[in-house]
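Heads up, the thing below is written out as C-alpha cells.
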Amino acid sequence: MRKFFSNRRLVFIVVVLVVAFGLMGGSVALRNRRQTPPLIQQFGNDIVGMVDGVVAYPVNAAQSGVNSFTDLLNTYSENKKLKQQVSELAQAKVRDQTLAKENRELKKELKVNKSMTDYSTISAAVLSRTPSSWQKQLIINKGQTSGIKKNMPVMSAGGLIGRITEVNKTNSKVELLSNTSESANRFAIQISGSGGKTVNGIITDYDSQSNSLVMGQVTSKAKIKKGTKVTTSGMGGVTPKGLYVGRVTKVTKDDYGLAQKVYIKPAANFNDVNIVTVAELDS
C-alpha cells in the first residue's frame, strides 16, 4: 500500500513539473501575441518568477557572502594602512618636537634669540572675492586690530598663496601669487639642487594654462629634479624662511637661453580659498 501511494505521489510531482514547464514554454512562445489570454500569461509569468526566485536565492546569497568577505578583506587592509600612517605621523611629530628642542638649545648656545624660521600666525576667513579680480586678490576679515601688517605672507591649505597689500582696521586685501601684473610683489624662493646646492630665485610670473608659478632669475646651473619641494628663502627680511610654495614640474631655459626657468605647481588651490593663515616674523 505504501509503495502505491509513493508511486502515486511521484507521478503527481512529475505531472505538476510537466504542466509547469509547459506553461513556461507556452508563456515564452506566446508573450508577444496580443491574443494571448492575460490569465495564462500571468500564471506562466508567476511560475517563471517562482522558479527564478528559488534558483536565484542561493546564488545571490553566495554572491553576497563573497562580497561581504571581499569588503572585510578591504577593510582590514585599509585599517592596516591607516594604523601605519598614524604610527608614521606620531613618529614624525616626536621627531619634529625633538628637532625644535635641539634648535632652541642651539640658538641659546649661540646666543641667537630669533631667526628667519621663527614666526607666529594669524587665522582669518575670506570675506569677498570679486569676479573682476578673481585671479588677483581677495579680502579677509582681519586687519590692524588683529596685528595684520602690509607685506605679510598669506598661506592656505598648507601652501603660500600671496601677501597682504592693503590693511584696514577690520579687514585686509590679499594679492595672490596668480596676479600677473608687473607691479605685483614677488617672493624670493629656493630649491635644493644637485649635490645639495641651494638654487635661489624669484617668483616672476604665473602660467594660467598650466596653473604653474614661474621661478625666474635663476643664475645657478645646478640640476633641478622634477618633484623637488620649493620654499621661501627668507631673503628680504619680511617673509619667514621655509614656507611651502609647491613642487617643481618642469625646468626650461629663459627667453635668452642663458638662465634656467622653473615651473612650479602651487601647493594651494588659488580658486578655492576660504580660510587663510597670515605669517608674521617674530621680532
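For the reader, a short list of remarks on this structure follows.
- Matching option when the condition is in the same structural domain as K136 (by TED's automatic domain parsing), surrounded by fewer than 16 Cβ atoms within 10 Å (Cβ to Cβ) and closer than 25 Å to Y119 by Cβ, among G242, G227, G246, G201: G242
- Test result for I139, in the same structural domain as T239 (by TED's automatic domain parsing) and open to solvent by less than 10 Å² (accessible area, probe 1.4 Å): no
- Out of G159, G147, sole residue that is in the same structural domain as P266 (by TED's automatic domain parsing) and open to solvent by less than 10 Å² (accessible area, probe 1.4 Å): G159
- Filter pass, S123 being closer than 24 Å to G242 by Cα and either in a helix (DSSP H, G or I) or modelled with pLDDT under 85 (or both): no
- Pick from segment 215-224, criterion more than 30 Å from the chain's Cα centre (by Cα) and open to solvent by 80 Å² or more (accessible area, probe 1.4 Å), ranking: farthest from T165 (Cα to Cα): K221
- A residue that is in contact (Cβ under 8 Å) with a residue 60 or more places away in the chain and open to solvent by 70 Å² or more (accessible area, probe 1.4 Å) can be found somewhere in segment 253-270.
- Any hit, segment 223-230, residues being among the polar types (S, T, N, Q), farther than 16 Å from A157 by Cα and modelled with pLDDT of 90 or more: yes
- Looking across segment 240-267, the residues that are of a type in the set (V, I, T) and either under 25 Å from the mean Cα position of the chain (by Cα) or closer than 16 Å to G158 by Cβ (or both) come down to V245, V248, T249, V251, V262, I264.
- Failed item in (1) open to solvent by less than 40 Å² (accessible area, probe 1.4 Å); (2) touching an Asp or Glu at 6+ places or on another chain (Cβ under 7 Å), with K173 passing the rest: (1)
The values are calculated or read from the model by the stated rules, or taken from the named source; none is laboratory data. Note that the structure is a prediction, hence the values are computed from the model and not measured. With ideal geometry, Cβ positions are generated from the backbone for all residues, glycine too; neighbour counts draw on all protein chains shown. Surface accessibility is based on the protein's heavy atoms, side chains included, excluding ligands, DNA and RNA. Shrake-Rupley method; radii C 1.70, N 1.55, O 1.52, S 1.80 Å.
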